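Peer 1: Submitted below is the structure of interest, expressed as structure tokens.
The values are calculated or read from the model by the stated rules, or taken from the named source; none is laboratory data. Quick caveat, the model's predicted, so the values are computed rather than measured. Reconstructed Cβ throughout: ideal geometry from the backbone, glycine too, with neighbour counts over all protein chains shown.
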Amino acid sequence: MNTEEALLELESSPEGLSNEEAKKRLVRYGPNQLEEKNRVTPLKVFVRQLANVIVWVLAAAAIISLMAHEVINFWAIIGIILFVILMGFLQEYRAEKAMEALKKFVQPLTRVHREGTLKEIPSSEVVPGDILMLESGDMIPADALVMEMVGLRIEEAALTGESMPVSKEKNDMIFAGTQIVHGKCSALVVATGMGTKLGEIAGLVQQEEETTPLQQKIAKLARTLAIIALIASLITLVTGVSKGAPVAEMLLIAIALAVAAVPEGLPLTMTITLASGMRHMAKHNAIIRKMLGVETLGSTTVICTDKTGTLTRNEMIVRRIILPGRELDVTGKGYEPIGELLDDKTPVDVENDKGLELLLTAGALCNNAALEESDNEWKGVGDPTEIALIVTAAKAGVWKGKVDNELPRLQEVIFTSERKMMSTLHDTQEHEMAFTKGAPEMVLDRCTRIYGPYGMRDLTEQDREEMLEKNRELAQRTYRVLALAYRPLDIRSEELEKDMIFLGLVAMLDPPREEAKSAIETCHKAGIKVVMITGDNQETAKAIAREIGLSDGTVCLDNITDEKIRNIVADGAITGTELDELDDEEFKSVVEGINIYARARPEQKLRIIKALQDKGQVVAMTGDGVNDAPALRKADIGISMGVKGTDVAREASVMVLQDDNFATIVEAVKMGRGIYANIEKFTTYLVSRNFTEMMLILIAITLLGFNYIPLLALQILFINMFNEVVPAISLGMDPVRDSIMNKKPRDPKEEILGRRNLVLVISIALTMSIISFLVFLIADPFADVQKARTLTFVTIVSMALFVPNAFRSLDEPAIKMGLFSNRLMLGGMLITLLLILSVVYIPLFQMVFELTPLSLEDWVLPIGAAFLTLLIAEGIKLVARGPKEEADIINAQCGSLEITVDK
């Protein structure tokens, strides 16, 4: 559709498309989305498997077997190669599809006019001919023609590279992928999807797949271990040959050991773990946009959170109206426009109450929200504060749609965080009239008159103080208070917000979320400080903080001599104005003692983050507006709001909250800690497991010579192929335990194989190899070497039944984990058991792997040895944990956060 066609169509349907027509166009033009350049295909994943070094190492082993006339070995290794490719393909493709599915959890919404009603629809369903309603912070979903606009400025860097915002006027084009940074507009869609200008250059803007520091660490660890494994294999080869072993046979064993010791499954298992964890988070309303967020979440030490909608329910309901000389109660619930306005329990006749009617009209007109009934349920579209004003006016018979038609809007002065006000200008036929709403202190400052019970009069200082005192009183009771004013204009004025007539205050409640208090308690136990940053006044913020337990905690003031700074820290709360009075060094000295920032401006968030990060804190910060974007980028974890957040904020964030709920942030931190813990578990298990056979063979060759080697090449390959993948993946999927929030945050500089985990790896690998060697000796290889190898083989495979349970927690005893809490591991144990029985008792496998059937009594030794390994592993964990880690867990369980502030 070109621009001229769209304009002609607009003339015939000025109220937007019908739902039926929109569906037809969605079929004709397709979804409003870009085609993916680097889409995952089964063929691409399959080709990647052929690039696996292990496949080529095994291929070399197969060739060596053929050259040595070991035909059975040759075909067995070919079978193992096919198994490696198949398993790698299935696991990687599943992981890729899981990552791809995560995108579906984030469905950007766009406001459009359909059938004369303002609706929110997924951006992918926008079609040519739709009328978009866009405002500051929105990402433009399609190429469109500006119809009406107010102060419209757009950042077009995504298309032009120009970082400065561009002003737009009526009939200008705006383009998909750009962002509105100021103002608002309505616009007619002329192109969607690949038909947009962004679609033309889609290949240039597609991002390459990111790799996080943790993934890089894992890849580096895998390379280091591979080098060690190859060197150890070479040493084994040289040792064996020097002991008189045949070169071809020893070469096969060395290759098998290299395959077994190289942790080829490490990066893939990590990808599967991250994909599964991120998908689990998404189902709990926390969308991780950048994989970096998963590893950083577990290190978070401070959460800086907005109040409205995050700590509170974001369901604004007007409960009180304060007019000069009287107060009214408002009844009703939710967004249903049913209720009464009561003056001392007596319903008010609004038609005969000019001051009240003006206040309600101001609330309905100075407003960009909408209220609609759908399926017998009333729903609001827009800001909850504005919806609350529309609902209150409707309860008194003042309907927004009607007054909008009677008093058409001529101009709007948009709300900014600096002015804390919004104004609109309307045509009353006789003259023009401006309506304003905003923070009481800001609105009162612009008023010179007041509309009292006996009409209009001058606003006195006493009037001003009474209203501000009422504002403070209501704020202490957790009300959010807005002031409303108007100004009749005989001549169009450039400045609407002066010499206004004060109408009154409206007080609305946004009660705390029930789950916020327990979430904050969890943060205290986890050693995480919670900070509230709000645009509301200090008394409202403090009242909410007391109710949810945010102010719990003690601050040490002994080292602070400056009286001004002592007063700020002792209170635990600071206003944006007070923050401006502190220089950077003064602020840095008290920042860890402040719990509440009231009347804070979005740009001050950046200063708060920097001060906390300079003190060594890892900061998560929430935000929803355009001005929050710099702070979201600066924070270690930028968290945007999925319900009330702007597209700009979402683009700048690492995580999106689908429900805007603080408890979801805490749950995400818990899951982030759990994912990292699972990565530690399977890494420690895999590395210790990979080097078991290497140590076993080296010990045996050194002490007994090649003729009495405990495992043959195919047996080693079997153990590696079938005995590591499932336990590792099941550890990566281990359910997150609540106790993980009883520890202090993880140091982001900490290595996965730190001191404790390195002790576990070496100790447990050595234990498994020594116990396996002892089983080999007890089985008397000098009498029957094949049976001794069978028992050793069964012992090592049986260890996969027991030992992975020790790795389900690197801190707590395995018995605390619950046997049935990880069903994947139970399934893995069952598969392992069936594999053991198959290779030991099926004649074909007996012949291929050179095993002998075991009697019932024979099983006592390998099963007992495997169980003993579990017990020893538990003992090693206890020793490796040490008293310091015990103390860390206990300290993190303290309910109050003690902060020492140095000056």
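Peer 1: Do the conditions hold for MET442, that is, is it more than 27 Å from GLU539 (Cβ to Cβ) and either without any contact (Cβ under 8 Å) to a residue 40 or more places away in the chain or among the hydrophobic types (A, V, I, L, M, F, W, C) (or both)?
Peer 2: When the stated conditions are applied, MET442 does not pass them.
Peer 1: Please go through the stretch 342-376 and pick out each residue that is more than 22 Å from THR436 (Cα to Cα) and aliphatic (A, V, I, L, M).
Peer 2: Within the stretch 342-376, LEU342, VAL348 qualify.
Peer 1: Of all strands (runs of 3 or more DSSP E) completely enclosed by the stretch 325-377, which ones contain at least 3 residues that are within 22 Å of GLY455 (Cα to Cα)?
Peer 2: Of the strands (runs of 3 or more DSSP E) lying wholly inside the stretch 325-377, those with at least 3 residues that are within 22 Å of GLY455 (Cα to Cα) span 326-330, 341-343.
Peer 1: Could you tell me how many of the residues in the stretch 706-722 are under 13 Å from MET250 (Cβ atoms) and assigned to a helix (DSSP H, G or I)?
Peer 2: So the answer is 4.
Peer 1: A further question follows. Which condition number does GLU35 fail, the rest of (1) among the charged types (D, E, K, R); (2) outside any loop (DSSP other than H, G, I, E, B); (3) surrounded by fewer than 14 Cβ atoms within 10 Å (Cβ to Cβ); (4) modelled with pLDDT under 75 being met?
Peer 2: The failed condition is (2).
To keep it simple, each residue is scored yes or no on (1) out of contact with any strand residue (DSSP E or B) (no Cβ under 7 Å at 6 or more places or on another chain); (2) modelled with pLDDT of 95 or more; (3) within 18 Å of GLY504 (Cα to Cα).
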position	(1), (2), (3)
GLY382	no, no, no
THR392	no, yes, yes
GLY401	yes, no, no
GLU406	yes, no, no
VAL413	no, no, no
MET422	no, no, yes
GLU432	no, no, no
THR436	no, yes, yes
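Peer 1: Mind checking whether some residue in the stretch 618-628 is touching a strand residue (DSSP E or B) at 6+ places or on another chain (Cβ under 7 Å), in contact (Cβ under 8 Å) with a residue 40 or more places away in the chain, small (Gly, Ala, Ser) and assigned to a strand (DSSP E or B)?
Peer 2: Scanning the stretch 618-628, I find at least one residue that is touching a strand residue (DSSP E or B) at 6+ places or on another chain (Cβ under 7 Å), in contact (Cβ under 8 Å) with a residue 40 or more places away in the chain, small (Gly, Ala, Ser) and assigned to a strand (DSSP E or B), so the answer is yes.
Peer 1: Moving to a separate point now. Among the numbered criteria (1) of a type in the set (A, V, I, L, M); (2) in the same structural domain as GLN617 (by TED's automatic domain parsing); (3) at pLDDT below 90, which single criterion is violated by ALA369?
Peer 2: (2)
Peer 1: For SER769, state whether it is of a type in the set (Gly, Ala, Ser) and within 23 Å of GLY674 (Cβ to Cβ).
Peer 2: Here the answer is no, as SER769 does not meet what is asked.
Peer 1: Oh, and also: Regarding PHE773, is this residue of a type in the set (Phe, Trp, Tyr) and either outside the structural domain of SER730 (by TED's automatic domain parsing) or farther than 23 Å from LEU731 by Cβ (or both)?
Peer 2: yes
Peer 1: Right, another one. Among (1) in a helix (DSSP H, G or I); (2) at pLDDT 85 or above; (3) under 20 Å from ASP536 (Cβ atoms); (4) in the same structural domain as ILE533 (by TED's automatic domain parsing), where does ALA600 come up short?
Peer 2: Here ALA600 clears every test but (1).
Peer 1: Output the number of the condition that PHE820 fails; it satisfies all remaining conditions of (1) free of Cβ contacts under 8 Å to residues at least 40 places away in the same chain; (2) not in a loop (DSSP other than H, G, I, E, B).
Peer 2: Condition not satisfied by PHE820: (2).
Peer 1: Separate question: Looking at THR361, THR305, THR331, THR346 in this structure, which one is under 23 Å from LEU606 (Cα atoms) and of a type outside the set (A, V, I, L, M, F, W, C)?
Peer 2: Selected residue: THR305, the only one of THR361, THR305, THR331, THR346 that is under 23 Å from LEU606 (Cα atoms) and of a type outside the set (A, V, I, L, M, F, W, C).
Peer 1: Please tell me if ALA282 is small (Gly, Ala, Ser), within 17 Å of GLN658 (Cβ to Cβ) and surrounded by fewer than 23 Cβ atoms within 10 Å (Cβ to Cβ).
Peer 2: Yes.
Peer 1: Could you pull out the residue among ASP624, ASP647, ASP660 that is farther than 16 Å from THR305 by Cα and not aliphatic (A, V, I, L, M)?
Peer 2: Going through ASP624, ASP647, ASP660 in turn, just one is farther than 16 Å from THR305 by Cα and not aliphatic (A, V, I, L, M): ASP647.
Peer 1: Ok, one more. Any residue at all in the stretch 734-751 that's surrounded by 24 or more Cβ atoms within 10 Å (Cβ to Cβ), among the small types (Gly, Ala, Ser) and in a helix (DSSP H, G or I)?
Peer 2: Among the residues of the stretch 734-751, not one is surrounded by 24 or more Cβ atoms within 10 Å (Cβ to Cβ), among the small types (Gly, Ala, Ser) and in a helix (DSSP H, G or I), which makes the answer no.
Peer 1: While we're looking at this one, here's another question. Which of the residues spanning the stretch 772-797 are in contact with a helix residue (DSSP H, G or I) (Cβ under 9 Å, 6 or more places away or on another chain), among the hydrophobic types (A, V, I, L, M, F, W, C) and surrounded by fewer than 20 Cβ atoms within 10 Å (Cβ to Cβ)?
Peer 2: Correct list: LEU774, LEU777, ILE778, PHE782, VAL785.
Peer 1: Also, I was wondering about something else. Quick check on VAL687: is it in contact (Cβ under 8 Å) with a residue 40 or more places away in the chain, outside any helix (DSSP H, G or I) and farther than 30 Å from GLY244 by Cα?
Peer 2: The answer is no for VAL687.
Peer 1: How do the strands (runs of 3 or more DSSP E) wholly within the stretch 410-458 filter down when requiring 2 or more residues that are outside the structural domain of THR385 (by TED's automatic domain parsing) and not β-branched (Val, Ile, Thr): which remain?
Peer 2: Those strands (runs of 3 or more DSSP E) do not exist here; none qualify.
Peer 1: For LEU854, all conditions in the list (1) in a helix (DSSP H, G or I); (2) touching a Ser or Thr at 6+ places or on another chain (Cβ under 8 Å) hold save one; what is the number of the exception?
Peer 2: So the condition that LEU854 fails would be (1).
Peer 1: If you check ALA483, ALA475, ALA519, which single one turns out to be buried (at least 16 other Cβ atoms within 10 Å of the Cβ) and in a strand (DSSP E or B)?
Peer 2: ALA483
Peer 1: Can you pull out the residues in the stretch 605-643 that are of a type in the set (Lys, Arg) and buried (at least 22 other Cβ atoms within 10 Å of the Cβ)?
Peer 2: Selection gives LYS605 alone.
Peer 1: A follow-up question, please. Which residue pairs have Cβ atoms closer than 9 Å, lie 6 or more positions apart in sequence or on different chains, and pair a first residue in the stretch 772-790 that is over 18 Å from GLU857 (Cβ atoms) with a second residue that is among the hydrophobic types (A, V, I, L, M, F, W, C) and surrounded by fewer than 17 Cβ atoms within 10 Å (Cβ to Cβ)?
Peer 2: Going by the 9 Å Cβ cut-off, the qualifying pairs are PHE773/LEU703.
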